[in-house]
Amino acid sequence: MALIDEAIKVKGHGAYLLNGGVFSDASEMPKEEALKGTISYGILEEHNTSGDMGSLSIKFDCLTSHDITYVGIIQTLRASGIDRFPVPYVLTNCHNSLCAVGGTINEDDHMFGLSAAKRYGGVYVPPHQAVIHQYAREMLAGCKKMILGSDSHTRYGALGTMAMGEGGGELVKQLLSQTYDIKRPDVVAIYLKGEPQHGVGPQDVALALIGKLFEDGIVKNKVMEFIGPGVNKLSVDFRIGVDVMTTETTCLSSIWITDDKTEEWLALHGREEDYCELRPSDITWYDDVVEVDLNKIRPMIAMPFHPSNVYAIDEVNSNLNEVLHEVEERAKVSFGDRVKVDLTKKVHNGRLLVDQGIIAGCAGGGFENLCAAADILDGEDIGSDEFTMSVYPASMPIYAQLVKNGAMSKFIDAGVVIKTCFCGPCFGAGDTPANNAFSIRHSTRNFPNREGSKVQSGQISSVALMDARSIAATAANKGYLTGADKVDKSLERYKYFFDDGIYKKRVYDSEGKADESTQIVLGPNIKDWPEMTALPDNLLIRIVSEIHDPVTTTDELIPSGETSSYRSNPLGLAEFTLSRKDPEYVGRAKTVREYEEARAEGIDALEKMLDASGELKEAWTAFQDEYKDAGWNNTGIGSAIFAVKPGDGSAREQAASCQKVLGGWANIANEYATKRYRSNLINWGMIPFIIPEGELPFKNLDYIFLPGIKKAIEKNSTEIKAVVYSGAKLKEFVLNIGELTDHEREIILEGCLINYNRK
């Protein structure tokens, strides 16, 4: 971290930017006026419909989803009664692209998507044509636009677009002509100066930023605004490579200044009209300032099991045993004694020998990244032993250009496998390494199990994030960890020619025209959402999982990988909830759900179950003795989980919806890792409780009674009275909800977004 601390300085408080180049703590202009000078403020103001720049109600220009998320979104829309998409909505197919997994169900999803694009007036991008974000860059993004996507890496700031990744519920709202409601976010200046050194690529800059900013939450739920003279030293492809990784800092969105390079890039893609110059005003207030000296960044590596676990590659090679031991200790926090992560055996003759290299997806599969990797591997040989390498171009136009300029031949001659435009390696559905293998990847995340291994089956492999250039340098050294700065190869600057004819031949574009005669194609795995009830007067919840890891990712809440084949089947997917973190969760949640189902049938059915179990009856009797007005006619039964900081990572709403269909009514946390996970909970009618850090007043399997919860939500109370039954005693404590918008309160009261929209 010493190198990162030298390269990246955080001011730690707000400052004025004067004339684009000097920061000052003082100015004659009031802060309230100067903050309007940010690029972000201007774009948000153009898209805000509330008339109040303190509380925003945003309408986006267009939306995009992939085949893990769009089926659930459209099923929610169908349940809510939609006739047509009111804004452009692009359905890409880059996640469930391997149709051999799960029989026909992945291709069934694709046929569902195509029929929906025809029926409601959308755009359908077939499998293997492009990953979601590359298509959006090439065909949708433009200066001053706002794009909402149901994928967390929806980031097009380098093209002058403020883009945000959210759960499907937020896209549903836009498609029902509702708004995205947030407080105006703070804006943090990311001031770039200097120029990257030889061998340093965009992932190196991105990892340095994540390593510096993630843990302290400096940019959490804020906008990162990239400014400064260093921006002009970077190609647009380089900027895109940094920008896409801003998600891993937990920021809300990002935006960059634009220049002649941005204009040239958009013109190359046939969209000259989408360019305009974006700059901060002469006097601009930023809520914080992060200064980045690009000269001082070296090839970086994010060691398992988080993108913020960042070191310089030289630092790892110099302190190999110490760093690997730290990773093994970190693994014990997540895995306990279920598996043993053994990385020290990867050390051969004092050097780290990795098993696999992958360059893929929205972060790694760009044109310049793959050209640079091909140049480094030109004339080299990755060897015939355990080390393997695959590359996945981000789109077919990129793929075609790499064929034409010879990069593909360089890869093939070196022993690299070329694969299609597919996000699989990023979420565990492609190139899963062997047990206890070590993979280096230019992709977005390296969470536990993210690469496809299964702890519950005794399998574990480890992923480190690196730049494409250093992955190629490592491959040229037969798998021995090597930074690209150690390779004496000249990297050419290749001209890119975008061929939109590739898309015109294969992409279905309704041009916004809905065809009511089209029948939606429903495969046998595509199921409707189950019925969900409104919030009752009182709630009796049981804690069915207790997680004390510092952070719980969405991959741990609902695993990625092969489970994605069930994303169109709410009850089928729910069977995998917390399966890699707490295998007993599903059974416990179902048991609690059975009590609520019996209550819905009638008091007699519930009483029979209570007599058979005894445990819940004992708790209920104690609560009723204290709260005489509570009865089974006005008290619902549900489950909840406790986690210290849940929701880091993906925007996938299934991390919340799977809990809901299993009978979940709440999460309790010390804080939520991302705004999008908290929003997902709310959109599925689950209450996002907060409890201060420290000793918990409850433990796993305890029952908690929430008297008058409905009335408290109606009154917009932030503090909620709770009573726990533990050890045959009642104990009162307070849960906090935090601030809810009027729409959020109504959604929770109705039981979920579907119910709210039906009403």
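With the Kirkwood sum run over all distinct C-alpha pairs, the stretch 273-353 has a hydrodynamic radius of 16.4 Å. When the Cα convex hull of the stretch 15-76 is projected onto planes of every orientation, the mean area is 6.9 nm². One decimal place: the segment GLU264-ASP604 gains 115.2 nm when fully extended, by the rule 0.36 nm per residue minus the C-alpha distance. Taken one residue at a time, the phi angles of the stretch 240-248 give Karplus couplings (6.51, -1.76, 1.60, θ = phi - 60°) of 4, x, 6, 4, 4, 7, 4, 3, 6 Hz. Gly and Pro are set to x. Beta bridges assigned by DSSP with both partners in the stretch 300-493 are antiparallel in approximately 35 percent of cases. Around the amide H of HIS442, modelled in the peptide plane, lie the amide H atoms of ILE358, ILE359, ALA360, MET466, all under 5 Å away and 5 or more residues distant in sequence or on another chain. Here the simple spin-label model places points 7 Å from the Cα toward Cβ, and for ASP413 and ASN435 these points are separated by 4.0 nm.
With θ taken as phi - 60° and the Karplus curve 6.51 cos²θ - 1.76 cosθ + 1.60 applied, the whole-hertz 3J(HN,Hα) list for the stretch 428-435 is x, 10, x, 6, 5, x, 6, 4 Hz, x standing for glycine and proline.
Distances between every pair of Cα atoms in the stretch 388-498, grouped in 5 Å steps from 0 to the bin holding the largest one, split as 2, 11, 19, 21, 21, 14, 7, 3, 1, 0 percent. Our estimate of slack between ASP500 and LEU176, defined as 0.36 nm per intervening residue step minus the Cα-Cα distance, is 113.6 nm.
Picking from VAL310, ALA363, ILE382, whose Cα lies most toward the positive end of the charge dipole for the stretch 300-493 (charges on Cβ: Lys, Arg +1; Asp, Glu -1)? With unit charges placed on the Cβ atoms, the residue in question is ALA363. How far is helix 615-626 tilted off the main Cα axis of the chain, in degrees rounded to 10, range 0 to 90? In the chain, helix 615-626 runs at an angle near 70 degrees to the longest axis. Once the Cα atoms of helix 70-80 and of the chain are each reduced to a long axis, what angle between those two axes, in degrees from 0 to 90 to the nearest 10, is obtained? With rounding to tens, the tilt is 40 degrees.
Taking amide hydrogens as placed 1.01 Å from N in the peptide plane, the amide H of GLY685 sits under 5 Å from those of LEU753, each at least 5 positions away in sequence or on another chain. Among the trypsin sites (Lys or Arg not before Pro) within the stretch 635-702, those in coil by DSSP and having at most 16 neighbouring Cβ atoms inside 10 Å are LYS699. Derived scalar couplings between HN and Hα for the stretch 372-385 equal 5, 4, 5, 4, 5, 8, 4, x, 9, 9, 6, x, 10, 9 Hz in order, rounded to whole Hz, by the Karplus curve 6.51 cos²θ - 1.76 cosθ + 1.60 (θ = phi - 60°), x for Gly and Pro.
DSSP beta bridges confined to the stretch 538-758 are antiparallel in about 45 percent of cases. Before anything else, pin down the relative contact order of the chain: Cα pairs under 8 Å, at least 6 apart, normalised by residue count, whole percent. Here the relative contact order equals 15 percent.
Only Lys, Arg, Asp and Glu carry charge here, each on its Cβ (+1 for the first two, -1 for the last two); on that basis the stretch 300-493 has a dipole of about 520 debye about its Cα centre. Of the beta bridges in the chain, as assigned by DSSP with both residues counted there, near 40 percent are antiparallel. Taken over the stretch 300-493, the convex hull of the Cα atoms encloses 103 Å³ per residue.
Rounded to 0.05, the FRET efficiency of the ARG758 and LYS233 pair, given R0 = 51 Å and the Cβ-Cβ distance, is 0.45.
Restricting the GluC sites (Glu not before Pro) of the stretch 678-747 to loop positions (DSSP other than H, G, I, E, B) with no more than 15 neighbouring Cβ atoms within 10 Å leaves GLU693, GLU695, GLU739. Residue separation of ASN716 and ASN319 scaled by 0.36 nm, minus their Cα-Cα distance, works out to 137.6 nm of gained length. Set against the 2.2 N^0.38 Å expectation for a compact globular protein, the stretch 62-178 has a Cα radius of gyration ratio of 1.01.
In terms of overall dimensions, the C-alpha atoms belonging to the chain reach 79, 61, 59 Å along their principal axes, ordered largest to smallest. First check a/c for the stretch 538-758, with a ≥ b ≥ c the square roots of the eigenvalues of its C-alpha gyration tensor; if it is under 1.5, answer rounded, and if not, answer prolate when a/b is larger than b/c or oblate otherwise. Rounded is the answer for the stretch 538-758, as its axis ratio a/c remains below 1.5. Radius of gyration (Cα atoms) of the stretch 701-759, expressed as a multiple of 2.2 N^0.38 Å: 1.33.
Relative to the Cα centre, the charge distribution of the stretch 538-758, modelled as +1 at Lys and Arg Cβ and -1 at Asp and Glu Cβ, gives a dipole magnitude of about 300 debye.
Among HIS133, HIS306, the order by Cβ neighbours within 10 angstrom, fewest to most, reads HIS306, HIS133.
Around the Cα centre of the chain, unit charges on the Cβ atoms of Lys, Arg, Asp and Glu (plus for the first two, minus for the last two) sum to a dipole of about 800 debye.
Compute the Cα gyration tensor for the stretch 672-743, then decide on rounded, prolate or oblate, letting a ≥ b ≥ c be the square roots of its eigenvalues: rounded whenever a/c is under 1.5, prolate when a/b is larger than b/c in the other cases, and oblate in all that remain. It is prolate, given that a/c is not under 1.5 and a/b is the larger ratio.
Across the stretch 440-542, Cα-Cα distances exceeding 17 Å account for 79% of all pairs.
Of the GluC sites (Glu not before Pro) found in the stretch 4-79, those in coil by DSSP whose Cβ has at most 12 other Cβ atoms within 10 Å are GLU28. Note: the stretch 526-601, Cα convex hull, 119 Å³ per residue.
Throughout, read-outs are computed from the coordinates displayed, never taken from laboratory work. Quick caveat, the model's predicted, so the values are computed rather than measured. Reconstructed Cβ throughout: ideal geometry from the backbone, glycine too, with neighbour counts over all protein chains shown.
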